[in-house]
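Just below is one structure, and these are the notes that go with it.
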Amino acid sequence: MPRANYADREYYATLKAGNEEHVTSLLLGRVDPVWFFSYASAIVIDGEFRGVALISMHADYFMRLHRDMDFGAEGALGV
């Protein structure tokens, strides 16, 4: 499987500029063309940006998870 380079992704520049974390919008995979979104966190060692830790979730899985959760009226309104 080819190795993906994510340095041109929006979140990479955001994290390298000093933000600690970022949640992406819906993205299309480069290696496997499926829709997903990611939570990215900057890896900073001794004050120097070293890279990104990334967790991705397939969009269909997220939709099923969201559908199966019971937020109730208060949770849906953010009260």
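The values are calculated or read from the model by the stated rules, or taken from the named source; none is laboratory data. What you see is a predicted model; the values in this text were computed from it and never measured. Positions of Cβ are backbone-derived with ideal geometry, glycine not excepted, and every protein chain shown enters the neighbour counts.
Filtering the stretch 11-40 down to residues that are of a type in the set (D, E, K, R) and in contact with a strand residue (DSSP E or B) (Cβ under 7 Å, 6 or more places away or on another chain), which residue is surrounded by the most Cβ atoms within 10 Å (Cβ to Cβ)?
The residue in question is LYS16.
Of everything in the stretch 35-79 that is over 16 Å from ASN19 (Cα atoms) and among the β-branched types (Val, Ile, Thr), the residue that is modelled with the highest pLDDT is ILE55. Residues that are in a loop (DSSP other than H, G, I, E, B) and either touching a Lys or Arg at 6+ places or on another chain (Cβ under 9 Å) or closer than 25 Å to MET63 by Cβ (or both) within the stretch 8-52 comprise ARG9, THR24, SER25, LEU26, GLY29, ARG30, VAL31, ASP32, PRO33, VAL34, listed in sequence order.
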